[in-house]
Amino acid sequence: MKVRTPDGRSLSVSGNAKPFIGGWAYIVWAFGPEGGLRFYVTPAGSAEVIGKQLGEWGKYTVREAGWNGGTLRSLEDPEAGGTTMMWIGPHHEISTYVNGVGVPFEVFMDKLAAFDVQDAPEGLTMLPRAGSGMSLANLLAVNTIDQVCSVQVKPLADVASDVPRTRGKQVRGGSMWRVDDHDESGQLRSRSALLVNRSTATTVMAARSDDPQFVSVVESITCELN
């Protein structure tokens with residue numbers, strides 16, 4: 001499969017025999033004169049579906065307005081004193097979290113106005129407009145293979161200093177290191193694998209540490225950014 005990431009790159013993923021459960025979700029940081037801001041880019045409707053599945057939707061005060069070919073939505077959480085603000089397009093939604101409630105839509109509109117947002121079936125891009133002083137960094141792409149593993153992809157350049165200095169096992173998707181997390185008693189809490197190639201560092205986290213399907217994914221999946 002090939003999808004477009006928010007920063008305009010192409011993410012190609014192959015080698016997974018079982019399909020992903022849905023579209024890719026992304027986290028990307030935007031940096032500008034006023035500091036950093038984290039955006040989430042997910043398939044349209046994701047926030048509402050997840051909120052209802054978790055039983056949290058009822059706690060929000062929801063406001064909506066039309067803007068820029070889509071819908072602005074504000075999810076106010078009075079108890080936490082914060083608001084999730086989002087733009088929902090035909091295919092994807094962009095969201096961020098701000099402190100306070102009763103936040104005017106114009107606050108979010110001003111932030112998004114610094115980007116040229118293009119929403120298409122193959123992905124949403126939000127590229128900084130010329131003269132905005134904004135830049136994008138620290139991309140994270142996330143998806144899940146049902147009951148097998150989660151897959152998290154980062155550009156290698158963002159995490160190059162974290163790559164192990166030891167020699168990894170060579171698999172189809174690059175060099176691989178197994179990462180086991182144990183509790184204080186020595187019991188295995190989680191198992192994952194780090195795959196590194198010329199463009200990406202991919203973490204594949206097992207749903208069940210002894211699942212042979214997880215091993216199959218680790219040895220076959222290839223994630224590349226162009």
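Would you be able to say whether some residue in segment 136-143 is surrounded by fewer than 20 Cβ atoms within 10 Å (Cβ to Cβ) and either in a helix (DSSP H, G or I) or more than 15 Å from the chain's Cα centre (by Cα) (or both)?
No, segment 136-143 contains no residue that is surrounded by fewer than 20 Cβ atoms within 10 Å (Cβ to Cβ) and either in a helix (DSSP H, G or I) or more than 15 Å from the chain's Cα centre (by Cα) (or both).
Please state which one of 88, 94 is in contact with a strand residue (DSSP E or B) (Cβ under 7 Å, 6 or more places away or on another chain), surrounded by 15 or more Cβ atoms within 10 Å (Cβ to Cβ) and over 24 Å from residue 135 (Cβ atoms).
The conditions single out 88.
Do you know which residues across segment 92-114 are β-branched (Val, Ile, Thr) and closer than 18 Å to residue 36 by Cβ?
Scanning segment 92-114 gives 94, 96, 98, 107.
Are there any pairs with C-beta distances below 6 angstrom linking a residue in segment 203-221 that is at pLDDT below 95 to a residue that is open to solvent by 30 Å² or more (accessible area, probe 1.4 Å), with the two at least 6 apart or on different chains, and if so which?
Every condition considered, the pairs that remain are 209/188; 209/191.
Looking only at residues that are touching a Ser or Thr at 6+ places or on another chain (Cβ under 7 Å) and open to solvent by less than 40 Å² (accessible area, probe 1.4 Å) in segment 109-127, which one is nearest to residue 1 (Cα to Cα)?
123
Please work out which one of (1) of a type outside the set (Gly, Ala, Ser); (2) under 17 Å from the mean Cα position of the chain (by Cα); (3) closer than 30 Å to residue 220 by Cα; (4) surrounded by fewer than 17 Cβ atoms within 10 Å (Cβ to Cβ) is the condition residue 37 fails and give its number.
(3)
Kindly indicate whether residue 58 is within 23 Å of residue 24 (Cβ to Cβ) and either among the β-branched types (Val, Ile, Thr) or open to solvent by 70 Å² or more (accessible area, probe 1.4 Å) (or both).
So residue 58 does not fit the description; no.
So residue 130 ticks every box in (1) outside any helix (DSSP H, G or I); (2) without any contact (Cβ under 8 Å) to a residue 40 or more places away in the chain; (3) buried (at least 19 other Cβ atoms within 10 Å of the Cβ) but one. Which box is left unticked?
All conditions are met except number (3).
The values are calculated or read from the model by the stated rules, or taken from the named source; none is laboratory data. These numbers come from a predicted model, not from an experiment. Positions of Cβ are backbone-derived with ideal geometry, glycine not excepted, and every protein chain shown enters the neighbour counts. SASA here: full protein model, heavy atoms, side chains in, ligands and nucleic acids out. Shrake-Rupley method; radii C 1.70, N 1.55, O 1.52, S 1.80 Å.
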